[in-house]
Structures are given as structure tokens and as C-alpha cells.
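Just below is one structure, and these are the notes that go with it.
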Amino acid sequence: MSIRFLITAGGTREYIDPVRFISNASSGKMSYALARAALKAGHKVTLITAPTALRPPTGAHVVHVESAAQMFAAVKKHFAACDCLIMAAAVADFTPAKPSKTKLKKDAGTKPTLRLKPTPDILKWAGSHRRVCTAHHRPQIVIGFALEDRNLRANAERKLHDKHLDMIVANAPVAIGAETSTVHIKTPSSQWLEIPAQRKTMIAGRIVSLIQGKETSGTS
């Protein structure tokens, strides 16, 4: 059965002024690998991507965004049409409260202060707005990623439950930009599954297979 995937990718850019922004080191490799794995398995993919150096996978419907707000708007626009959302993007937690409309100048003796405000919690929104099972529609699956430098499993499991997810995929900062990664996967009803260091392409295929299994069983 074909699954309509909605996958987010890359690290968002939160602009301080027209030419400067704060961001993170996400390469988007895992997200793009997931998109390719889903396409290879015969599924449909909409890829919402922040800027990366990667070439979008052939066959995917690609939506380009920059900021967390733009990614949130794109997710809301395409969410209803998907069967499975994979939020693998590194969405900034904070954005400048009042970005400057003109380039900030470096004046002698000045010490500018950057005030930040929280960005929308896209994953939590999706977890609370997903479609439930009806006579005409299957339930949506919502999957999150967690990058943790401490208490990896405990923090990731808290995210799994707090955001009402069907699956959490957790890894450590060493995975950023790397070709290989070790990931830890959990659903609300399963024990932790660890996939030792493998290429992200292989991990992506494994995750897509797990999602296909959830679709076949009809569980969430």
C-alpha cells in the first residue's frame, strides 16, 4: 500500500537582519536519505527542506523554506494530505524577537543584545492535529527525531509522550553531518531498538520498513 510521506529536512535559518542569521549544523543527510528510501519503496514524498548542500531526490515534491515559521506554514499546508509526517529537520528553538530590516552596523564601543523568542513547536502541533482512523481514512503517523547530548533515551522518550508521537528516532550530536550514525528508535508500545553505526541510507531504509509495518498492522 502506497504511503504519502511528508518529510522535513535541514536546519532552519532565523534572520537577525537581511544578511545575517542564526542556524545549526544540520546537513539534512538523514532526511534526504529517508525521502530516497521512501521513493525507492514506491511511496510518494513531499520534502520540505531548509537550505542544504544536497541535491533533492528525483521524484519528490520539494518545498523550499528558510525559517521555522516558513517550515511551520508549509507543514500545516501539506499535513492533511499525508499519511506519515517525519519531522527530521533541525528546527531552531528560538528566533530573533525583532529582526532588523536593515543591515546592522558594527559601531565602535557598541555591544548589541540579541533578544530571542521561542519558535512554534511544529511537532507538538502535528501530534495534536493528526487525523484519527475513520471509515474512509487511515490514521496519520507522526514521527519525531531527537538529538540529545545527555540522557539520550530518557529525554527522547519524554518527547515521544509529550508530543503524542507514534515513533521517536534519537541520536547524538556526533551524527551531525556524518555519513554514518547510531540511532535509537522507540514507539509508545515497544522497547528501545538500537541500530548500531550504519550508513544513513541503510538506517533510512530500516525506518521506512518499520513505518510500512505500522501501516500494515494499522496500529499507532
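The values are calculated or read from the model by the stated rules, or taken from the named source; none is laboratory data. Since this is a predicted model, take the numbers as computed values, not measurements. Ideal geometry is used to build each Cβ from the backbone, glycine not excepted, and the neighbour counts take in all protein chains shown.
Listing for the model above:
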| item | result |
| --- | --- |
| Ala92 vs. criteria at pLDDT 95 or above and either surrounded by fewer than 16 Cβ atoms within 10 Å (Cβ to Cβ) or closer than 28 Å to Arg131 by Cα (or both) | yes |
| Unmet criterion (only one of (1) modelled with pLDDT of 95 or more; (2) loosely packed, with under 14 Cβ neighbours inside 10 Å) for Thr216 | (1) |
| Subset tally (residues that are assigned to a loop (DSSP other than H, G, I, E, B) and modelled with pLDDT of 95 or more) for region 121-147 | 1 |
| Any hit, region 27-34, residues being touching a Gly at 6+ places or on another chain (Cβ under 6 Å), among the hydrophobic types (A, V, I, L, M, F, W, C) and closer than 22 Å to Met1 by Cα | no |
| Neighbours by Cβ (under 9 Å, 6+ apart or cross-chain): first from region 102-130, surrounded by 13 or more Cβ atoms within 10 Å (Cβ to Cβ); second of a type outside the set (D, E, K, R) and modelled with pLDDT under 90 | Leu104/Pro112; Arg130/Pro139; Arg130/Ser220 |
| Pairs with Cβ under 6 Å, 6+ apart, first in region 81-95 and within 15 Å of Glu148 (Cα to Cα) and touching a residue at least 60 places away in the same chain (Cβ under 8 Å), second part of a strand (DSSP E or B) and small (Gly, Ala, Ser) | Ala89/Ala9; Ala90/Gly11 |
| Residue identified as more than 14 Å from Leu85 (Cα to Cα) and touching a strand residue (DSSP E or B) at 6+ places or on another chain (Cβ under 8 Å) among Ala170, Ala154, Ala126 | Ala170 |
| Some residue of region 131-138 being β-branched (Val, Ile, Thr) and surrounded by fewer than 15 Cβ atoms within 10 Å (Cβ to Cβ) | yes |
| Every residue from region 87-120 that is within 17 Å of Asp166 (Cβ to Cβ) and assigned to a loop (DSSP other than H, G, I, E, B) | Ala88 |
| Tally, over region 173-204, of residues that are in contact with a strand residue (DSSP E or B) (Cβ under 7 Å, 6 or more places away or on another chain), part of a loop (DSSP other than H, G, I, E, B) and touching a residue at least 60 places away in the same chain (Cβ under 8 Å) | 1 |
| Lone qualifier among Gly59, Gly42 - being touching a strand residue (DSSP E or B) at 6+ places or on another chain (Cβ under 8 Å) and touching a residue at least 12 places away in the same chain (Cβ under 8 Å) | Gly59 |
| Qualifying strands (runs of 3 or more DSSP E) (wholly inside region 1-86; at least 2 residues being touching a helix residue (DSSP H, G or I) at 6+ places or on another chain (Cβ under 9 Å) and surrounded by 23 or more Cβ atoms within 10 Å (Cβ to Cβ)) | 4-9, 44-49 |
| Residue within region 15-25 that is touching a Gly at 6+ places or on another chain (Cβ under 8 Å) and at pLDDT 95 or above present | yes |
